[in-house]
Amino acid sequence: MTDSTQIRVVADDIVLDGDLTLPAHPRALVLFAHGSGSSRHSPRNRYVADALVGEGVATLLMDLLTGEEDRVDRQTREFRFDIGLLGRRLTGAVDWLAADPRTAPLPVVTFGASTGAAAALIAAADRPDRVVGVISRGGRPDLAADHLRRVRAPVLLVVGSRDPTVLDLNRIAASQLSGQVQVVVVPGATHLFEEPGTLDAVIGQAVDALSRWLPPDGSAARPRHPKGSG
């Protein structure tokens, strides 16, 4: 049985909306950070989240901006590249998950798309005892450059082959990460992974990463993938 609930997350002294989905006996929780100009209603993130729930993983999709901030951002783009703000709020969400009895026992994997990938890495750097892995889809890890050396969790960077600038930025960021990192290139995918089958390839990579990072009982595990790219 799966339980889906709309919740209010207190993070960085701000109340943010989120959608928490808990399958029976989850082994981990994936916390999603959406990309520029998007929200927890991102159809691509929701597609990935639904697939992960089917694999026995809890998910939290949340807005990183308040309703008023989102309205301002759509006019001015004032907040979407405020990586420090987004990182603090995602870190606050990790703390919220640690305090809620439904999610406190679960290891957390942060999953970021576009600029959300930088927030996902910042949360991992700031909460190494809670975040056991980071997944990026078409992300901008370079925007977290000042934090990359502090990330100890294993990192999976998934980029489309038809997104060459972002691929270059991911490879540079991978070289700056101190822990274990894998760069995976999805053939035929552009930045948003809108092409048929490309999001399914991301899901397959995410599920494989979780199987490496987590033991069957859901407690944190030592990652087994060597540092490298592919």
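Just so you know, all these numbers are worked out from the coordinates, no wet-lab data involved. Every value quoted in this text rests on a predicted model; they were computed, and no experiment measured them. We place every Cβ from the backbone using ideal geometry, glycine too, and count neighbours over all the protein chains shown.
If amide hydrogens are placed 1.01 Å from N in the peptide plane, which non-local residues have theirs closer than 5 Å to the one on GLY160?
Amide H neighbours of GLY160: GLY138, VAL186.
With the alpha-carbon atoms as the only input, what is the per residue convex hull volume for the range 3-229 in Å³?
Convex hull volume per residue, Cα atoms: 107 Å³.
Starting from the 7 Å offset along Cα-to-Cβ, what nm value, one decimal, do you get for the label separation of ARG77 and ASP129?
4.0 nm
Would you mind ranking HIS25, HIS41 so that the residue whose beta carbon has the fewest other beta carbons within 10 Å leads the list?
Fewest to most other Cβ atoms nearby, the residues stand as HIS25, HIS41.
In debye, nearest 20: dipole of the chain around its Cα centre with unit charges on the Cβ of K, R (+) and D, E (-)?
680 debye
In whole Hz, with x marking every Gly and Pro, tabulate ³J(HN,Hα) for the range 61-74 from phi via Karplus 6.51 cos²θ - 1.76 cosθ + 1.60, θ = phi - 60°.
9, 9, 7, 8, 10, 6, x, 5, 4, 5, 5, 5, 5, 5
Take peptides 197-209, 79-91 and line them up by average Cβ neighbours within 10 Å, highest first, as a rough protection proxy.
79-91, 197-209
In whole percent, what relative contact order does the range 87-130 give with Cα contacts below 8 Å and a gap of six or more residues?
Answer for the range 87-130 is 52 percent.
Which of HIS191, HIS147 comes first, and how do the rest follow, when ranked by fewest Cβ neighbours within 10 Å? Please report the intermediate quantities before stating the final value.
Details: HIS191 17, HIS147 21.
If I rank by nearby Cβ atoms, fewest first, I get HIS191, HIS147.
As a test, work out the antiparallel percent of DSSP beta bridges whose residues both lie in the range 3-229, rounded to the nearest 5.
If I count the DSSP bridges inside the range 3-229, around 30 percent turn out antiparallel.
Compute the distance from the alpha-carbon center of the range 139-212 to that of the range 46-83, in whole Å.
18 Å
When only C-alpha pairs under 8 Å and at least 6 residues apart count, what is the relative contact order of the chain, in percent?
17 percent
Using the Karplus equation 6.51 cos²θ - 1.76 cosθ + 1.60 (θ = phi - 60°), what ³J(HN,Hα) coupling, rounded to whole Hz, does each residue of the range 88-104 give in order, writing x for Gly and Pro?
Values, residue by residue: 4, 6, 5, 4, x, 5, 4, 5, 4, 5, 5, 8, 7, x, 5, 10, 4 Hz.
State the extension gain, in nm to one decimal, for the chain segment bounded by ARG8 and TYR47, taking 0.36 nm per residue of separation less the distance between their alpha-carbons.
11.9 nm
Would you mind ranking THR190, THR115, THR103 so that the residue whose beta carbon has the fewest other beta carbons within 10 Å leads the list?
Details: THR190 15, THR115 24, THR103 19.
The fewest-first ordering by Cβ neighbours comes to THR190, THR103, THR115.
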